[in-house]
Amino acid sequence: MPAIAAENEVTVSNLLAAFEGESNAHAKYTAFAGKADADGLHGAASLFRAAARAEQIHATNHARVIKQLGGEAKCEIHAVEVKSTLENLKAALEGEQYEVDTMYPGFLAEATERNITAAVRTFHGALEAEKTHARLYGEAIALLVGGKKDSWIGAARDFYVCPVCGYTSETEEEHERCPVCNCPWEKFEIVR
């Protein structure tokens with residue numbers, strides 16, 4: 001394996017941080033899905049599973065770029081603290097907002113400045129997917145707080161996840177192609 005070039009060290013460090021964050025989000029959302037199912041909030045559980053799959057895709061993409069740049073994708077998976085589904089949704093939203101507002105914009109700017117195209121691509125795809133996750137978690141919180149368990153948060157539903165970038169949609173065939181990476185819509189994974 002080639003060594004990490006000095007000019008790529010910051011980008012690789014950012015990729016490793018993102019890899020760890022996405023890997024832990026996958027574990028966390030998988031656990032949160034089990035709690036939501038146990039609470040009878042099957043639509044919220046479907047959302048957690050779809051987001052978990054997207055986070056897994058992001059982690060895989062980040063790992064591939066880490067390897068291309070001479071690094072090794074390693075991380076520690078932390079113990080997951082599962083609380084009520086509402087608290088879990090709020091924790092998930094907080095994590096997504098951090099990624100959207102702070103983490104990915106900074107990582108993207110650094111990779112863009114250094115013209116590391118593969119890192120720009122993986123950070124951009126993750127950032128755009130996280131925006132959708134934040135919106136969906138926000139909707140789920142509003143419905144749950146509003147007592148609308150008979151809405152989509154109550155019944156299991158399909159979500160559509162791009163297998164290339166992790167973009168997540170709640171509607172079938174929203175576009176002919178992924179709006180983030182141009183993957184054909186028919187290749188999207190259905191997660192329930």
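General remarks:
- Ignoring lysines fewer than eight residues from residue 149 along the same chain, the ones with Cα atoms less than 16 angstrom from its Cα are 35.
- Convex hull volume per residue, computed on the Cα atoms of region 68-116, equals 89 Å³.
- Proximity of backbone amide H atoms, modeled 1.01 Å from N, is registered between residue 167 and 162 at under 5 Å, excluding neighbours fewer than 5 places apart on the same chain.
- Structure-based [θ]222 nm, the chain - -39500 (n - 2.57) summed over DSSP H runs of at least 4, per residue, nearest 500: -20000 deg cm²/dmol
- Nearest 10 degrees, 0 to 90: helix 104-113 Cα axis against the chain principal axis: 20 degrees
- Shape metrics for region 1-128, restricted to C-alpha atoms - Rg then Dmax, Å: 15.6, 51
- Candidates 82, 145, 65, ranked by Gaussian network fluctuation over the chain, Cα under 10 Å, top entry: 145
- Note on residue 113 and residue 149: their simple-model spin labels are 5.0 nm apart, each label 7 Å out from Cα toward Cβ.
- Note on the chain: with charges restricted to the Cβ of Lys and Arg (+1) and Asp and Glu (-1), its dipole about the Cα centre is near 300 debye.
- When each of the peptides 83-94, 105-116, 42-53, 160-171 is scored by the mean number of other C-beta atoms lying within 10 Å of its residues, the order from highest to lowest reads 42-53, 160-171, 83-94, 105-116.
- Shown in residue order for region 183-192 are the 3J(HN,Hα) couplings computed by the Karplus curve 6.51 cos²θ - 1.76 cosθ + 1.60 at θ = phi - 60°: 5, x, 4, 5, 8, 4, 8, 9, 10, 10 Hz (x for Gly and Pro).
- Distant-in-sequence amide contacts of residue 183, defined by a placed amide H-H separation under 5 Å and a gap of 5 or more residues or a different chain, comprise 178.
- Gained length - residue 189 relative to residue 79, 0.36 nm times residue gap less alpha-carbon distance: 36.8 nm
- On the basis of the beta-carbon distance and an R0 of 30 Å, residue 102 and residue 182 show a calculated FRET efficiency of 0.65.
- With a Förster radius of 35 Å applied to the C-beta separation of residue 4 and residue 27, the computed FRET efficiency comes to 0.85.
- Calculated P(r) tail over 26 Å for region 69-187, as whole % of Cα pairs: 32 percent
- Listed values for region 36-46 are Karplus-derived 3J(HN,Hα) couplings in whole Hz (6.51 cos²θ - 1.76 cosθ + 1.60, θ = phi - 60°), namely 4, 4, 4, 7, x, 9, 5, x, 5, 4, 4, and x replaces Gly and Pro.
Where a number appears in this text, it was derived from the coordinates with a stated rule and is not lab data. The structure displayed is predicted, hence computed values, not measured ones. Cβ sites come from the backbone with ideal geometry, for glycine too, and all protein chains shown count toward neighbours.
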